[in-house]
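Please treat every number below as a calculation from the coordinates, not as lab data. These figures come from a predicted structure and were not determined experimentally. Cβ: placed from backbone, ideal geometry, glycine included. Neighbour counts: every protein chain shown.
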Amino acid sequence: MQQSSLFLNRNEFGDATNVGNLLSPAEAKAILDEWVKNDRLKIHMKQVAHLMKNYALDQGLNDLEVQKWYLAGLLHDADWDQWPEQHCRKIIEELENRAIDPEVIRAIASHGPRYFGVEPVSLMDKMLYAFDELSGFVHAYSLMRPEGYSGMEVKGVKKRLKDKTFAAQVSREDIQDASERAGIPVDELIFFVITHQAGADLS
Ligand SMILES: [Fe+2]
Ligand SMILES: [Fe+2]
């Protein structure tokens, strides 16, 4: 099998002594504003962050964990806009240089196993992978519905998933793979996204 040029070729990320070190909201926003000029991508990152945060809250995780999940979602595509050929190597190195929590860095490194060659292991890794494509897909669907998210149903999303011409860039294969790895049926993931995504703070 041909190896993606984005492969990270390593499996250790960050430093265990940095557990609990996170970016402040202002520092995270500064990276987003400096690195991401594409507003649609910014929306995607904020939506994924919101889903991650809400999933962590549903799991009853503590405040620090919730912040980790949020940060991983918020920054997972930070380098995609300006340095797609270095995605996600550049943001990983930036966070390593800033001595950020290794679990956050690892989650970002494993958000596309086919592309980066890093397996999602922790629940945070798996959920970031699971929400990534699905979040963008449900958002695309909301934009074509006159009523947006309101009244959206799982079966409507599934119908669009079967229509390969709709949001064709979204990998159905990755959605299925991520669902299997997380051990959560696609329907359940879709329901979670439908329920929470409209509430994301996009400011
Ligand atoms: Fe990505
Ligand atoms: Fe993404």
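Figures for the structure shown
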| read-out | value |
| --- | --- |
| Label zone at R40, where the point sits 7 Å out along the Cα-to-Cβ direction: region 166-197 residues whose backbone N lies under 20 Å | 166-175, 197 |
| Per-q log10 I(q)/I(0), region 19-197, q = 0.10, 0.15, 0.18 Å⁻¹ (Debye; single scatterer per alpha-carbon; no solvent) | -0.36, -0.83, -1.21 |
| Backbone N within region 153-179 under 11 Å of label point (7 Å from A198 Cα along the Cβ vector) | 153 |
| Residue among A109, A140, A78 with the largest mean-square fluctuation in a Gaussian network model of the chain, springs linking Cα atoms under 10 Å | A140 |
| Gap separating the Cα centres of region 51-85 and region 148-203, nearest whole Å | 18 Å |
| Residue exposure sequence - W69, W80 - by fewest surrounding Cβ within 10 Å | W80, W69 |
| The chain: angle of helix 63-75 to the longest principal axis, Cα-based, in degrees nearest 10 | 80 degrees |
| Charge dipole (debye, nearest 20) of the chain; +1 at Cβ of Lys and Arg, -1 at Cβ of Asp and Glu | 700 debye |
| Global geometry of region 1-52, whether rounded, prolate or oblate, following the gyration tensor of its Cα atoms and the 1.5 cut on a/c | oblate |
| Sorted by Cβ density within 10 Å, fewest first, the residues H111, H196 | H196, H111 |
| Residue order, fewest to most beta carbons within 10 Å, for L23, L128 | L23, L128 |
| Estimated FRET transfer efficiency (K164, M144; beta-carbon r; R0 22 Å; 0.05) | 0.90 |
| Choice from G14, G60, G112 showing the highest fluctuation, given a GNM over the chain with Cα pairs closer than 10 Å | G60 |
| Candidates V121, V66, V186: whichever shows maximal mean-square fluctuation once the chain is modelled as a Gaussian network with Cα springs under 10 Å | V121 |
| CD proxy at 222 nm, helix term only [per DSSP H run n ≥ 4: -39500 (n - 2.57); per residue of the chain; nearest 500] | -18000 deg cm²/dmol |
